[in-house]
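As structure tokens, the structure follows; a few thoughts come after it.
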Number of protein chains: 2
Amino acid sequence: MSTPVTLKAVGQRIPLADGLEKVTGKAKFAADVSFPGLLYARPILSPYAHARITSIDKSAALQVPGVVAVITAEDLPVKRPASSRNSAILARDRALFRGQPVAVVLGETEAAAQDGVDAVMIDYDPLPAVVDPVEAMRDDAPSVWPQGLPKGDSMADAHAGAAAEQGEAERQGNIVNTVHFKHGDVEAGFAQADVVIEKTYRTGIVHQAYLEPYAAVVTHDALSGQLTIYTTTQGQFGVRDEVAKLLGLERGKVRVVPMKVGGGFGAKYGVIEPLVAACAVISKRPVKMVLSRTEDFLATTPTPATVFELKTGAKKDGTLTAIQSRVVVDTGAFPFGLHGIIAILLGGYYKFANMDIEGFEVVTNKPAIGAYRAPGSPQATFAIESQMNEMADALGLDPLQFRLQNAVETGDMMPNGQPWPHIGLKLVLEQIAQHPLWTGRTPSANGQKRGVGFAVGGWPGGTSPASAVCRPDSDGMVNIHIGSVDISGSNNAMIAIAAEILGVDPSKIRIIAGDTDSGPYAPPSGGSQITYTVGAAVKRAAEEARKQLLEAAAELFEASVDDMQIQDGQVSVKGVPNKQMSIGQVAGRAMSGRTRTPPILGQGGSSIKDQAPGFAAHLVEVAIDGDTGELTLERDVVIQDVGRAINPLIVEGQIHGGASQSVGYAILEEMRYDEGGQLLSASFMDYAMPLSNNMPDFEVVMVENPTPDGPFGARGIGEPPIIAAPAAIANAVQAATGVRITDLPITAEKLHQALHNGQ
Amino acid sequence: MSTPVTLKAVGQRIPLADGLEKVTGKAKFAADVSFPGLLYARPILSPYAHARITSIDKSAALQVPGVVAVITAEDLPVKRPASSRNSAILARDRALFRGQPVAVVLGETEAAAQDGVDAVMIDYDPLPAVVDPVEAMRDDAPSVWPQGLPKGDSMADAHAGAAAEQGEAERQGNIVNTVHFKHGDVEAGFAQADVVIEKTYRTGIVHQAYLEPYAAVVTHDALSGQLTIYTTTQGQFGVRDEVAKLLGLERGKVRVVPMKVGGGFGAKYGVIEPLVAACAVISKRPVKMVLSRTEDFLATTPTPATVFELKTGAKKDGTLTAIQSRVVVDTGAFPFGLHGIIAILLGGYYKFANMDIEGFEVVTNKPAIGAYRAPGSPQATFAIESQMNEMADALGLDPLQFRLQNAVETGDMMPNGQPWPHIGLKLVLEQIAQHPLWTGRTPSANGQKRGVGFAVGGWPGGTSPASAVCRPDSDGMVNIHIGSVDISGSNNAMIAIAAEILGVDPSKIRIIAGDTDSGPYAPPSGGSQITYTVGAAVKRAAEEARKQLLEAAAELFEASVDDMQIQDGQVSVKGVPNKQMSIGQVAGRAMSGRTRTPPILGQGGSSIKDQAPGFAAHLVEVAIDGDTGELTLERDVVIQDVGRAINPLIVEGQIHGGASQSVGYAILEEMRYDEGGQLLSASFMDYAMPLSNNMPDFEVVMVENPTPDGPFGARGIGEPPIIAAPAAIANAVQAATGVRITDLPITAEKLHQALHNGQ
């Protein structure tokens, strides 16, 4: 297939396909779904961070008018042990974190269900909670899983585990997983170094804080046992597989319909769906559950808090000689496995001749963590990019040149021994070197406390296979069938790609996003992979449809297929421009049997093996009020390697959104727990979401460094912009004030304390 | 693609895929669809067969509590003139038949809407009605369309026509279309004949009388203007196109979701959908309309009554010399165009050296006709097959040998000059010659009035293009995406075809039947074409998926793709049977990126050019009560060329159903109108539906005469069994009693009269 030389649709700034319905409130979200006979489910969340559940008395609740059922772990038709947050549908015997669902009340109305919640009597026997991950690693810390996590695939294993737990024999510690990346000899490396820096960096727990809390509606067909799940999810196929596995159903008996998503950012992978599905199976009625904001804060899966004990060494000439680190990832009550990627990114941006990085995944009595846009990268990047600036300062080197000297390139090894695929880290850094905010920076003077700083970070990106179908209709509209969820405008990329290949206006492309029954297979919308992988499948499906259109047109024009062309939606014989037919007419003739070519239906797939990592830098200017510690982000230039901006408007929008979240991560947001494991910031009254007045006008610099495999060279662009603001702002704060903040978020309180009391 | 030599799935007797949900009442039909804010629509039908509508007073109706709107033709957002039954959404100025919708009332409940119907005041000025089609052809008959049918594509044309109508200038007659097939010299042919028979045959109006009356629910999205139509239809794409055209919408703005169909038989092609869609557009709320049985009888589209003046001649040796006929087709108030195929079939079964057949399509003040299973063929076959028996008797020849002597074969010309495609007419007749009921027949004796007769008839069948998608999932289920509606078990054929190609058990195949957005394009389920054309597309899609599965498996086994095989759902290397992987595992590995082959998704299309006509004979034995004229159908052997019985159980079921309808057509069913155009049989109290006690145990003889293009040789099998019972029974009655009935249905009353008064 030939790629058009001059791009027409790709590169156009086309507004979001579903923008109008979203801003006018017409878009249908999971909470809007209703059915006759619907029951409302209200969860009962554990008030304790750690407690034994000694009894649950449903009787008073069942007397409440309109209450239909009270469901506890004993009632669940589950077939798998609770070895992860998603499989721990309801707490059984023990509650492991404040907010863990313990029971659920089904009512004819939401109010009845809530009244039922208030009438369920649950007796708890509080247990010592472990809240701080570093303390959790101590041998004398309370154990979250004294017998280890339930393993195995059957409930029998789980019951055996629970029985064993009564005896409290063979008590297990809280370090559930480790990773160790080691090469060279770090002692020797540090010995060669002229400067060695050793510091500890900490990041807090941040919530994805999407606009739309978790919501799901599940119907159950009593005859066939078929479940249909309407939910706010980033990936319907994963939810289907998880629910089917947990409830012991064939996958085909579970249909997941992804609704519009009011923000996911990595969190919407199926936390409540197994619970709502179980309620529908038990009640044999449709069931709806919509979490309140506070329930969503308490019961879902935020980012991990992290602690980096980080030591690096370098020679006077700027050569990095060694990195050593102990990385602690607070995974909450269940493992999630982010310690690996965090360790990889920490040691992955720069060439270290000697390396010894140990990562620890530690369980605590807090909510299990989940993914949040470039999960783990803001944390790792905060540590390494803060320290790289400190190192450049200590060496008296320009922090940008120092980084360029050491930065990895395509083919260099990551800590795990895998080579970096095609990357643009240096290209991004080189853009900083040319930017007036960097070249024109001046030292903070006259007590102004203004400073410029930057940091860079990356995300490897996903490569899951995908398929797509392209079906031009007789009215000239081209239907593109995909199975991916549009959480970020990715459908607009599909529109541009198909329009480009087929030579039609983007307004003629219609995306038909399927559910698990109707959709071609696609990965979940995470890992910045949808445009890269589904887009590649759409490109091939459109190419196949184009080929069939040309074949049909060649029949109709009695010409050779090689002489046919499509221009502006019209098919004609090359050199005979006055005789033409629209692609809708050609498709219509194939549908009505006037060609030997069957109805046009192109199929395309992708199975890309190489990741397409995206790197992005934040180049920021901050101003700090010396009296209050208040930080104003004056400017934020986001420089990102986007591969190819399929739709620059949407790419910029993604970068604005990610940058906003990065700024929130840097200076405002944190889920704070007290020492007993109680969440202190479980509403937007307490949790400091960034507002528009916290944001500068972001300036976006798109570097187009095309990937070999992405459609038209595109690479994933969703995750990189969230990564680097915390480190960039910390570096700018240091430039402005001389103070180095090593603990996120960089609040006014911390700055004030640092400025007035020293660190 | 190689066809498996030994068939495993094709030919299996597998019960209907959706049989259980249908017999347990769980299947969802259009009337089961509901939405918040739903309005109920109740139609007001014209009480007159022909009347000028002088005024419609909505005011009292709008005072009825719960009535939301009264909609008349003036309110409709239509963009096309009323030139057909479907485009005549509501009567404008004149009502043309008893039962024509004149207005519709929308209410918050069905009861409120019905109260509104009773309160709408409509003044009619009755006009002379023309009811009998032969009378309608007279110059002095009242004219149904004095100014001719509205033509043109705009409402302006229609308004001009209506204005001109006021003047009653250039009055148009009721013959709206004619056809004339003529070759040779019929006068010379009759001159050569030793016997000439000339008789008139009449058939009445029969209703499709499906179990489920017309029903539709339409939602309207105020923001996008998107309409979604949930309806009982045989073809969603046609309904979409028609509604879009009538309401002036882009096709993409109309989504039609075909629900389960409680019988269609040719009638469910969109009679009420434009009206319900218009109500939704006007009210901007969801609207449901469900016709009562009486409304369905009055307002929908039954078969045409026909009159055949038929003259044939033959020599003593049995050679047919000439056919001459005047065929009158009563099309009701709007043209439908069945006169052509009726004339073709009348003269198409036998070789006539000389032919002169004229067909007339005549409008009357009765409901416009529609399709009913082999539309027109039972009528034409009744005439020609009755007369062929009379001719054989007159010549003293065996009626079977006489037919075999004259029957057409593949390549012989039809009256329209087109050659018959691959047919099995003679094969079917030869089966009669071998059947004991025929070989063992004896003359009616001892006043028993028992007789054996037979007749044969055929249907050309449709060939519309289709496409399909085959998507094996990781759990081993194979999803087949099609756009056709299953009104007859055709999905079971798709299951067998896909299972056969993929080498899996039929229980592993799942049909995903799409709506107009999600479905691959398919023709409507009419013309006995779904297994023939969609089946061919499914076969190719499965072949493509099989190819991809083998490619992926070759990668996983590190073997050549040519050495791979699929047996019993397991993929293995030929000769290495102990190392194998299920197709679900192979599909799962492709989905998870462990192959270069993308997720398996096969696409297939068909665009077959040759029809695959089906011929079927009824060989019957009747017993007649000489006192009452009551006819008992003692035996009915249905002999049919099915090409290949993909699923013999379903094929037999189709033949049983069609044969039952054929028997009803022959001896019971008729919509009777009085001379003023009032329907006398508008309920099942009056309309004589056949019951189980009218039916013999049908004996089915399937002749497998494979077609070149159908999947595994299949040809359409839905229509042929309805064709021949009327003529077969008339022939058996003649054998039993010597009486020849030429007027359908052959009721006890007619038989009694003929037996006691002569004819």
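In this assembly of identical copies, the label point of B:Val561 (Cα plus 7 Å along Cα-to-Cβ) is separated from its counterparts by 1.7 nm, sorted shortest first. Distance from the C-alpha centroid of region B:389-411 to that of region A:654-673: 89 Å, rounded to the whole angstrom. Inter-label distance, B:Glu110 to A:Lys574: 6.3 nm, where each label sits 7 Å from its Cα along the C-beta direction. Arranged from fewest to most other beta-carbon atoms within 10 Å of their beta carbon, B:Val586, B:Val102 become B:Val102, B:Val586. Using the Cβ-Cβ distance between B:Lys351 and B:Thr178 with R0 set to 22 Å, the FRET efficiency from 1/(1 + (r/R0)^6) comes to roughly 0.35. The Cα center of region B:576-641 and the Cα center of region B:67-128 differ in position by 43 Å.
Beta bridges assigned by DSSP with both partners in chain A are antiparallel in approximately 75 percent of cases. When you count the other C-beta atoms within 10 angstrom of each residue and take the mean per peptide, B:341-348, A:647-654, A:374-381 line up highest first as A:374-381, B:341-348, A:647-654. Residues A:Glu630, A:Glu719, A:Glu500 in ascending order of nearby Cβ atoms (within 10 Å, fewest first): A:Glu630, A:Glu500, A:Glu719. Take every Cα pair under 8 Å whose residues are at least 6 apart in sequence, average their separation, divide by the length of region B:45-96, and the relative contact order is 53 percent. Classify chain B from the C-alpha gyration tensor, please: rounded if a/c falls under 1.5, else prolate or oblate depending on whether a/b exceeds b/c. Oblate, since a/c reaches 1.5 and b/c is not below a/b.
Applying the Karplus relation 6.51 cos²θ - 1.76 cosθ + 1.60 with θ = phi - 60° to region A:457-463 yields 3J(HN,Hα) values of x, x, 9, x, x, x, 9 Hz, where x marks Gly and Pro.
Of the residues A:Cys470, B:Cys279, the one with the fewest other Cβ atoms within 10 Å heads the list, and the complete ranking is B:Cys279, A:Cys470. Please compute the length gained on full extension between B:Asp674 and B:Met121, using 0.36 nm multiplied by the number of residues separating them and subtracting their Cα-Cα distance. Computed gain between B:Asp674 and B:Met121 is 196.5 nm.
Label separation (B:Arg13 vs A:Glu749): 7.9 nm, computed from points 7 Å beyond Cα along the C-beta direction.
Taking every DSSP bridge with both residues inside the protein assembly as shown, close to 75 percent are antiparallel. Label point of A:Asp75 set 7 angstrom out along Cα-Cβ; within region A:120-135, amide nitrogens under 12 Å from it belong to A:120. Among the residues of A:465-477, the average count of other protein chain beta-carbon atoms within 10 Å of the residue beta-carbon is 6. Counting only other chain Cβ atoms within 10 Å of each residue's Cβ, the peptide A:533-541 averages 1.
Screening chain A for DSSP H helices whose Cα atoms reach 27 Å or more along their own axis and whose mean Kyte hydropathy is at least 0.0 gives A:648-667.
In nanometres and ascending order, the distances from the B:Asp505 label point to those of the other copies are 5.4 (point 7 Å from Cα along Cα→Cβ).
Counting only DSSP beta bridges whose two residues both lie in region B:463-606, roughly 75 percent are antiparallel. Close amide H contacts of B:Glu699 (hydrogens built in the peptide plane, cut-off under 5 Å, sequence separation of 5 or more or a different chain): B:Asp636, B:Val637, B:Val638.
Would you mind getting me the FRET efficiency between A:Arg171 and A:Leu691? Use the beta-carbon distance for r and R0 = 45 Å, nearest 0.05. The calculated FRET efficiency here is 0.45.
Among the listed pairs B:Lys268/B:Lys288; B:Lys245/B:Lys539; B:Lys26/B:Lys288; A:Lys547/A:Lys579, a Cα-Cα separation exceeding 23 Å is found for B:Lys245/B:Lys539. Estimated from helices alone, the mean residue ellipticity of chain A at 222 nm is -8500 deg cm²/dmol (sum of -39500 (n - 2.57) over DSSP H runs with n ≥ 4, per residue). Per-residue mean of foreign Cβ neighbours for A:515-522 is 6 (Cβ atoms of other chains, 10 Å radius).
Working from label points 7 Å from Cα in the Cα-to-Cβ sense, the A:Gln401 to A:Asp317 distance is 1.5 nm. Take every Cα pair under 8 Å whose residues are at least 6 apart in sequence, average their separation, divide by the length of region A:689-759, and the relative contact order is 15 percent.
With the contact rule set at Cα under 8 Å and sequence spacing of 6 or more, what percent relative contact order holds for chain B? Rounded, it is 15 percent for chain B. Convex hull volume of the Cα atoms of region B:463-606, normalised per residue: 96 Å³. If you plug the beta carbon distance of A:Arg594 and B:Gln226 into 1/(1 + (r/R0)^6) with R0 = 25 Å, you get a FRET efficiency near 0.25. What pairs in A:Lys260/A:Lys284; B:Lys426/B:Lys750; A:Lys260/A:Lys508 have C-alpha atoms more than 30 Å from each other? Pairs exceeding the cut-off: B:Lys426/B:Lys750.
Only the coordinates and a few stated rules stand behind these numbers; no lab work does. Just so it is clear, the structure is predicted and the values come from calculations on it, not from any experiment. Please note: Cβ atoms are built from the backbone with ideal geometry, for glycine as well, and neighbour counts cover all protein chains shown.
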